[in-house]
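The values are calculated or read from the model by the stated rules, or taken from the named source; none is laboratory data. Keep in mind it's a predicted model, so treat the numbers as computed, not measured. Cβ coordinates were reconstructed from backbone atoms using ideal geometry, including for glycine residues, and neighbour counts include every protein chain displayed. Areas reflect the complete protein model, heavy atoms only, side chains present, ligands, DNA and RNA absent. Shrake-Rupley method; radii C 1.70, N 1.55, O 1.52, S 1.80 Å.
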Amino acid sequence: MAKKLMKGCEAIAEAAIQAGCRYFFGYPITPQNDIPEYMSLRLPQVGGCFLQAESELAAINMVYGAGGAGARVMTSSSSPGISLKQEGISTCAAAEIPCVVVNMMRGGPGLGNIQASQGDYFQAVKGGGHGDYHLIVYAPSSIQEACDMMQKAFDVADQYRTPVMILADGLIGQMMEPVELKTNPDLVLPEKPWAATGYTPGGKKPRSVLNSLYIETEDLDQLLERLFARYAVIEANEQMWETYNTEGAEYILCAYGTVARVCKAAIRILGEQGVKAGLVRPISLWPFPSKAVHDAIVQDSVKEALTVEVSSGQMVEDVRLAVNGERPVQFMGKAGSYIPTAEEIAERILQMRRG
Amino acid sequence: MNKVTILEDWCKGCGLCVRACPKAVLAISTTHLNKKGYYPAEVANPEACIACAACARTCPDTAIEIEK
Amino acid sequence: MTVVFKKTPVLRDVPLHYCPGCGHGIVHRMVSEVIEELGIQDKCAGVAPVGCAVFAYNYFEVDMYEAAHGRAPAVATGFKRVHPDHYIFTYQGDGDLASIGTAEIVHAAHRGEKITTIFINNAIYGMTGGQMAPTTLVGQKTTTSPLGRDKDHCGEPIRMAEMLATINGSAFIARCALNSTPNLIKTKAAIKKAFETQIAGKGFSMVEILSPCPTNWGKSPAEAMDWIADAMIPYYPLGTFKEV
């Protein structure tokens, strides 16, 4: 299929449709408005249903209903809206409801601003809602990657019966880039015998109960054992990352989303000055690619690592955990929406080099 | 003759059936407890029953069956 | 002998956890009977609330959801949009519907969502031990209005049936009570009418049901039923407020 210049939000929405998503429940909030806008036009064209809910928390509960009814369903929002959805997301995780939640991150905390930010990392990967659970979290750094991720997100959500979050900084939503959208006419959706599709006493399908309440301790323990066994399988099989120019590098940058692209430019600048730097980019933020990050940073040639984020430093903690003290991991970034330039990142590495 | 059956072990002895019955057919036992430890309802005057099912309608635990 | 009254198979053979004399069990039976009588068991699902009826998913022999507090109408919306030819009811208490879930119920009605809501108004929070609810009457003592609800402090109770009846998307809104045989009969008829409204696709339907809570009202089951007539019905008039 030919490449098409598309705005991030719209490309993500179309990619979801190509992935078989037929239900979207959302609420207006910048910088992701083009997703519900696009869905409101396109979903009826493909026999789907778009509904603007009265709030983000109503929207995630509609997702709970539709996902529990066996449909491929998604919602999208931005930081404050994602905070409103946290109880619903925790409920979907516990009730094993497959769904996709897109977070176009903006500056926070509070109303913050509407520029891009990466301040929701902890909320996304450390469990923003209550209780002990995980979401599979993917962080795209280009619109093409975001579209490819939508297909994977719905497949993985169904495979593991879990919510999946696409954690993108607002740039991904607002930029326009050429995109190749893979259509999937003969997409076969998986069977969902557990879903609420109507129960006939004595019939083949058992009675479906979509629930997250387990008042007896042993019953909750049983659920959590099941969930955490599944999380172990996910951690073993679903880690995604990219390494760029890391072989024999002196310094390793670690960043995700659009910041990772700025780091590549910094690496080129450093290369021109005879300093070899590489990048390890987590694509799945959970499961965090710990081994890949470790192996990229803990090389004989590597002196130090630098994690760059548009936040006060959140992923850096996971990088340090992965490296486990075997190399110093510096941090560059600050809370809010300031995206460092390639020159600034290169300068920081040169500073580190001067000691 | 009309027949009222109290499913004793489902009864919680709330007495709403006794309150609803227009013919004083039912009463709460004062002699024995059911499995749950409640004094269950019992049929005191079976012959007075007119099978109106007022008792069954108000029973919160669907513990009453009526036959005519 | 012909059977006059027997438990419907739509109400599962599971002992109910409700207190002696609680109205929930009565309404569970009515809803189950209506589902059986309308022949929609295999195309029906229900959404249980957070509240005393939080275990309702164990009691109805249909597909069931357990919703977060107040969110049942949103969950039902999601289900109905995926299965427009199926039927769904939300079963909610006054804390669930008239407090935390007010936005969800109001907007489900506004959208004319083709769902049926069974709304149990017992003027108190039951499961959590008797706190004041939006439907608690002025002067009514609860664990969070120990001197009796003071309207200057926290206003007067919400009349949900009247409120939702003003919404165009509402097709059938009624309020009933469980305190007497005639009212029990009318309650079941209203529940049936609500489901028929949904089946006919006319829009949103809700039955508000004044229900006893002996434990938290500090009354015997019989006294609680009387209190419904003496105190609740004067403030919450019974009847049909909207019928399309």
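Starting from the stretch A:1-78, pick out the trypsin sites (Lys or Arg not before Pro) whose DSSP state is loop and whose Cβ has at most 13 other Cβ atoms within 10 Å. Within the stretch A:1-78, the qualifying trypsin sites (Lys or Arg not before Pro) (loop, at most 13 other Cβ atoms within 10 Å) are A:Lys3. So if I place +1 on the C-beta of Lys and Arg and -1 on the C-beta of Asp and Glu, and nothing else carries charge, what would the dipole magnitude of the protein assembly as shown be about its Cα centre? I want it in debye, nearest 20. In debye, rounded to 20, the protein assembly as shown gives about 1100. Put a plus charge on the Cβ of each Lys and Arg, a minus charge on the Cβ of each Asp and Glu, and nothing anywhere else: the dipole of the stretch B:3-67 about its Cα centre is then about 200 debye. How large, in percent, is the carbon and sulfur part of the accessible surface of the stretch A:243-354 at a probe radius of 1.4 Å? Carbon plus sulfur share of accessible area: 49 percent.
With a ≥ b ≥ c taken as the square roots of the eigenvalues of the C-alpha gyration tensor of the stretch A:173-244, please select rounded if a/c is under 1.5 and otherwise prolate if a/b is larger than b/c or oblate if it is not? Oblate, since a/c reaches 1.5 and b/c is not below a/b. Rounded, prolate or oblate: which one fits the stretch A:253-355, using the alpha carbon gyration tensor with axes a ≥ b ≥ c (rounded when a/c is under 1.5, else prolate when a/b beats b/c, else oblate)? Since a/c reaches 1.5 but b/c is at least a/b, the shape of the stretch A:253-355 is classed as oblate. Candidates A:Gly336, C:Gly112, A:Gly274 compared by Cα position along the dipole of the protein assembly as shown: farthest toward the positive end lies C:Gly112, with charges placed on Cβ. For the stretch A:243-354, the solvent-accessible area of protein heavy atoms averages 39 Å² per residue (probe radius 1.4 Å; ligands and nucleic acids excluded). Taking every C-alpha pair closer than 8 Å and separated by at least 6 residues, the mean separation divided by the residue count of chain B gives a relative contact order of 46 percent.
The accessible area of A:Ser76, taken with all protein chains in place and a 1.4 Å probe, comes to roughly 0 Å².
Beta bridges per DSSP, both residues in the protein assembly as shown: antiparallel share near 30 percent. Counting only DSSP beta bridges with both residues in chain A, the antiparallel share comes to about 25 percent. Here A:Leu57 sits with roughly 40 square angstrom of accessible surface, probe radius 1.4 Å. With helices defined as uninterrupted DSSP H runs, which ones in chain C have an alpha carbon span along their own long axis of at least 18 Å and mean Kyte-Doolittle hydropathy of at least 0.0? Helices meeting the criterion: C:23-37. I need the shape label for the stretch C:1-106. Rule: rounded when a/c is under 1.5, else prolate if a/b > b/c, else oblate, with a, b, c from the alpha carbon gyration tensor. Oblate, since a/c reaches 1.5 and b/c is not below a/b. In percent, rounded to a whole number, the relative contact order of the stretch A:13-165 is 24, using alpha-carbon pairs under 8 Å and six or more apart. Summary of the geometry: the stretch A:153-197 and the stretch C:184-244, compared by the centres of their Cα atoms, lie 44 Å apart. Listed cross-link partners C:Lys192/C:Lys219; C:Lys43/C:Lys193; C:Lys7/C:Lys188; C:Lys6/C:Lys242; A:Lys3/A:Lys264; C:Lys188/C:Lys242 are compared with a 25 Å cut-off, the Cα-Cα value being larger for C:Lys192/C:Lys219; C:Lys6/C:Lys242.
Note on exposure: A:Leu270, A:Leu5 ranked by accessible area (1.4 Å probe, complete protein assembly) read A:Leu5, A:Leu270, with the most exposed listed first. Note the angle between two axes, namely the Cα long axis of helix A:143-160 and the longest principal axis of the Cα atoms of chain A, as a number of degrees from 0 to 90, rounded to the nearest 10. With rounding to tens, the tilt is 50 degrees. Measuring gaps between exposed loop sites in chain A (GluC sites (Glu not before Pro); DSSP loop; at most 15 other Cβ atoms within 10 Å), the longest gap, sites not included, is A:1-179. Only DSSP H runs of four or more residues enter the estimate; each adds -39500 (n - 2.57), and after division by the residues of chain C the mean residue ellipticity at 222 nm equals -9000 deg cm²/dmol. Pairing chains B and C buries close to 2300 square angstrom of accessible surface in total, based on protein heavy atoms and a 1.4 angstrom probe. Largest accessible area first, the residues C:Met1, A:Met39 order themselves as C:Met1, A:Met39 under a 1.4 Å probe with ligands, DNA and RNA left out.
Could you name the aspartates and glutamates in cross-link range of A:Lys4, using Cα to Cα under 15 Å and dropping any fewer than eight places away on the same chain? Reachable aspartates and glutamates: A:Glu14, A:Glu145, A:Asp148, A:Glu177, A:Glu180. Measuring nothing but protein heavy atoms, the accessible surface of the stretch B:3-67 at 1.4 Å probe radius is 54 percent carbon and sulfur. Under the convention that each Lys and Arg Cβ holds +1 and each Asp and Glu Cβ holds -1, the size of the dipole of chain A around its Cα centre is about 480 debye. Under the criterion of Cα pairs below 8 Å and six or more residues apart, the relative contact order for the stretch A:243-354 equals 30 percent. On a C-alpha basis, how far is the centre of the stretch A:278-325 from the centre of the stretch C:95-110 in Å? Whole number, if you could? Cα centres, the stretch A:278-325 to the stretch C:95-110: 46 Å. The calculated 222 nm mean residue ellipticity attributable to helices in chain A amounts to -12500 deg cm²/dmol, summing -39500 (n - 2.57) over DSSP H runs of n ≥ 4 and dividing by all residues. Can you give me the Cα centroid spacing of the stretch C:47-76 and chain B in angstrom? With the stretch C:47-76 and chain B each reduced to a Cα centre, they are spaced 30 Å. Helix A:258-272 and the longest principal axis of the Cα set of chain A meet at an angle near 20°.
How far is helix A:8-18 tilted off the main Cα axis of chain A, in degrees rounded to 10, range 0 to 90? The angle comes out at about 40 degrees. Placing unit charges on the Cβ atoms of the charged side chains and taking the dipole of chain C about its Cα centre, the candidate lying farthest along the positive direction among C:Val10, C:Asn179, C:Pro146 is C:Val10. Between A:Cys99 and A:Thr162, A:Val164, the built amide H atoms are under 5 Å apart, and every one of these is 5 or more places off in sequence or on another chain.
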